[in-house]
Each structure stands twice: as C-alpha cells, then as structure tokens.
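Visitor: Take this structure first; my questions come after.
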Amino acid sequence: MTSSAPGTGPTVLVTGGSSGLGAAVVTAVARAGGRPLVLDRHRPGDGVPWVECDLADTRAAEEATRELAERNGGLDAVVTAAGTDVPGKLADLSRETWERIVAVDLLATVAVVRAALPYLEAARGNVVTVASTLGIKAVSDATAYCAAKFGVVGFTRALAAELAGRIGVTLLIPGGMRTAFFDERDPQYKPGPDANLNDPADTAAAIMFALSQPPGCAVREMVVCAERETSWP
C-alpha cells in the first residue's frame with residue numbers, strides 16, 4: 001500500500017479492528033490513504049465501516065465478510081487480527097471456553113479468508129494472518145491457544161502454496177504487545193510490570209510493509225516482537 005488521498009487507497013478488512021493490534025492496523029491503513037473495514041463485536045472508532053460479528057460463529061463471519069465486501073466494492077486485503085485466550089490447565093477449562101478460543105483464533109481466520117477469496121483474487125490482493133510466538137512453541141496452560149495458533153501457522157503456509165501467483169499470503173508471528181489482551185486474565189497469567197512488550201503500532205507497520213509489496217513479491221513470514229521480549233521463540 002502506498003500513500004494516497006484519504007479513502008482512495010486499497011480496501012482492507014480487519015478482524016478485531018476495534019481494539020489492540022486490529023485497531024492499530026485500522027489506523028495505519030487510514031493514514032496510508034486506504035479504506036479500513038472492520039468485523040468485531042464492538043464498534044470501531046472514527047466512523048470506520050463495520051459489521052457486528054461474533055467471530056466464534058464461523059457462518060456469521062463468512063456472511064459478514066461478504067456483506068462488507070459487497071457494500072464497499074470489493075476487497076484488496078484481509079488482516080485477521082482478532083484473537084482471544086483464557087489461560088488455564090486443560091482440566092480446568094470448560095469445553096465451551098476451550099472450543100471458543102479455537103473458533104475465534106483459527107476457525108474464524110479460515111472462514112473470513114474463505115469468504116474473501118473471490119474478492120481478493122479479482123483484485124490480486126493480499127492476506128495477512130496473525131498467529132503468535134505460541135504458534136511455533138508451546139507452553140503450559142495454553143493448550144487451546146497453542147492449538148489454534150499452531151493451526152494458523154499450518155493453514156497459512158498451506159494457503160500460501162495454494163494461492164501462489166493469485167493472492168499474496170503473509171504469516172505474521174507477533175510476540176506480546178501492550179494491548180488489553182491481557183487485562184481480564186487471572187493475575188498469574190498477566191505480564192509482570194517489567195515485561196518487554198511491543199507497541200501494536202510497530203507490529204501494524206510491519207503488516208503495512210507486507211501489504212505494500214507489488215504483485216509477485218511475497219513476504220511469506222514475519223516474526224515481530226520486542227527485542228528482549230521473553231516469548232521470543
């Protein structure tokens with residue numbers, strides 16, 4: 001994406017675009033002259049076009065993706081920034097909680113990308129999926145999150161091979177960021193006061209770099225985290 005007059009650049013659908021990394025991507029897209037669109041349970045800021053959607057409902061996620069694309073004349077890119085987690089031991093997490101994490105973090109990623117494919121292929125567009133450093137290493141008390149993010153890694157690598165020459169596909173593997181992602185966790189699962197976490201705006205800038213590449217030039221994978229962040233793989 002190159003800078004252009006506001007609202008005249010590429011149209012970018014961002015899941016989870018009302019907060020955290022998603023909101024940072026929305027801001028970056030708008031500043032670059034693009035048109036951000038949002039799928040989220042909560043309204044994004046600044047009048048950004050959006051559809052309210054609980055991404056755990058994958059059928060609703062597909063329908064909302066098509067609705068936004070049709071309403072706004074297609075899509076040039078998709079960034080799947082939505083994510084959730086409830087840390088805890090497998091025996092302590094309810095089935096509903098465990099499956100919701102996998103649904104939002106993995107299955108919704110697939111659902112949104114699937115629904116966006118016709119629009120992205122018409123535009124020779126791009127997909128950026130958001131995994132995690134816990135998508136390439138595993139820790140205790142994170143079976144659902146690791147399962148989902150490992151799945152995003154495998155899904156994206158296979159998707160890149162499948163869509164080569166038609167749609168650009170980038171896998172983003174971010175470390176921890178200074179967002180509300182950790183706010184509702186039990187204290188033992190929150191980063192400490194001295195934790196080294198990345199600014200989501202810096203991670204969003206990396207996403208914008210991937211989206212700015214011309215057709216035929218692929219940024220396949222990026223690991224972006226604070227230089228001394230403890231979850232570095």
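The values are calculated or read from the model by the stated rules, or taken from the named source; none is laboratory data. Bear in mind that the values here come from a model prediction, so they are computed numbers and not experimental data. Every residue, glycine as well, gets a Cβ built from its backbone with ideal geometry; the counts of neighbours run over all protein chains shown.
Visitor: Kindly indicate which of Glu162, Glu184, Glu227 is under 20 Å from Pro87 (Cα atoms) and either modelled with pLDDT of 95 or more or assigned to a loop (DSSP other than H, G, I, E, B) (or both). Give the derivation first.
Guide: Values: Glu162 fails: under 20 Å from Pro87 (Cα atoms); Glu227 fails: under 20 Å from Pro87 (Cα atoms).
Testing whether each residue is under 20 Å from Pro87 (Cα atoms) and either modelled with pLDDT of 95 or more or assigned to a loop (DSSP other than H, G, I, E, B) (or both) leaves just Glu184.
Visitor: Any residue that is under 22 Å from Pro36 (Cα atoms) and in contact (Cβ under 8 Å) with a residue 40 or more places away in the chain - is there at least one of those in region 131-154?
Guide: First, pick out the residues of region 131-154 that are under 22 Å from Pro36 (Cα atoms): 131.
Checking which are in contact (Cβ under 8 Å) with a residue 40 or more places away in the chain leaves us with 131.
Yes, there is a match, as at least one residue in region 131-154 is under 22 Å from Pro36 (Cα atoms) and in contact (Cβ under 8 Å) with a residue 40 or more places away in the chain.
Visitor: Determine whether Ala82 is more than 15 Å from Val127 (Cβ to Cβ) and surrounded by 19 or more Cβ atoms within 10 Å (Cβ to Cβ). Outline the logic, then answer.
Guide: Working: more than 15 Å from Val127 (Cβ to Cβ): no; surrounded by 19 or more Cβ atoms within 10 Å (Cβ to Cβ): yes.
Here the answer is no, as Ala82 does not meet what is asked.
Visitor: For region 124-140, what are the residues that are surrounded by 17 or more Cβ atoms within 10 Å (Cβ to Cβ) and either of a type in the set (Gly, Ala, Ser) or at pLDDT below 95 (or both)? Working first, answer last.
Guide: At the first step, the residues of region 124-140 found to be surrounded by 17 or more Cβ atoms within 10 Å (Cβ to Cβ) are 125-135.
Those that are surrounded by 17 or more Cβ atoms within 10 Å (Cβ to Cβ) and either of a type in the set (Gly, Ala, Ser) or at pLDDT below 95 (or both): Gly125, Ala131, Ser132, Thr133, Leu134, Gly135.
Visitor: Return the only residue of Arg157, Arg220 being over 14 Å from Val79 (Cβ atoms), modelled with pLDDT of 80 or more and out of contact with any Ser or Thr (no Cβ under 9 Å at 6 or more places or on another chain). Break it down into steps so the answer makes sense when it comes.
Guide: Numbers: Arg220 fails: out of contact with any Ser or Thr (no Cβ under 9 Å at 6 or more places or on another chain).
Step by step, each of Arg157, Arg220 is checked, and only Arg157 is over 14 Å from Val79 (Cβ atoms), modelled with pLDDT of 80 or more and out of contact with any Ser or Thr (no Cβ under 9 Å at 6 or more places or on another chain).
Visitor: Restricting attention to region 101-145, which residues are over 30 Å from Asp76 (Cβ atoms) and out of contact with any Leu (no Cβ under 9 Å at 6 or more places or on another chain)?
Guide: Lys137, Ala138, Val139, Ser140
Visitor: Given the options Glu70, Glu99, Glu63, name the one that is surrounded by fewer than 17 Cβ atoms within 10 Å (Cβ to Cβ) and closer than 25 Å to Thr143 by Cα.
Guide: On the way: Glu70 fails: closer than 25 Å to Thr143 by Cα; Glu63 fails: closer than 25 Å to Thr143 by Cα.
Only one candidate qualifies: Glu99.
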